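Q: This structure is in structure tokens; I'll ask about it shortly.
Nothing in this text is a laboratory measurement; each read-out follows from the coordinates by a stated rule. Quantities reported herein were computed from a predicted structural model and do not represent experimental measurements. Virtual Cβ from ideal backbone geometry, glycine too; neighbours counted across all protein chains shown.
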Amino acid sequence: MSATLKQVQIDKHIMLHYAINFAAQNLKKNLRNPAPNQTAPMKINKVRITGIILLIVGITARFALDDTYSFLYGMLIGAGIALVVTGKIKSPI
């Protein structure tokens, strides 16, 4: 192995070491002092809760009741999935 190739590998290793240390320091700083506009990561809004309720009601009704209204149950399940995934009702227009 040539000397320059060995030096390049050492330089890559040093750069990776500095990058990992920099990321770790920033993570520690952000965990100690979060930004004031940052919300809690596990906060769930009312629209998503409504979506989960629609999803549970739709799945329960689909399998517990007769198949007469299966299209309605499918619409409930679809609306529940849409609300859970998007988390909002109004359009961005």
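Q: Which of the residues belonging to segment 56-72 are acidic (Asp, Glu) and either under 16 Å from residue 46 (Cα atoms) or assigned to a helix (DSSP H, G or I) (or both)? Outline the logic, then answer.
A: Looking only at segment 56-72, we keep the residues that are acidic (Asp, Glu), and these are 66-67.
67, the sole residue that qualifies.
Q: Something else now. Among the residues of segment 73-93 satisfying the criterion of being without any contact (Cβ under 8 Å) to a residue 24 or more places away in the chain and surrounded by 13 or more Cβ atoms within 10 Å (Cβ to Cβ), which is farthest from residue 44 (Cα to Cα)?
A: Ranking the candidates gives 73 first.
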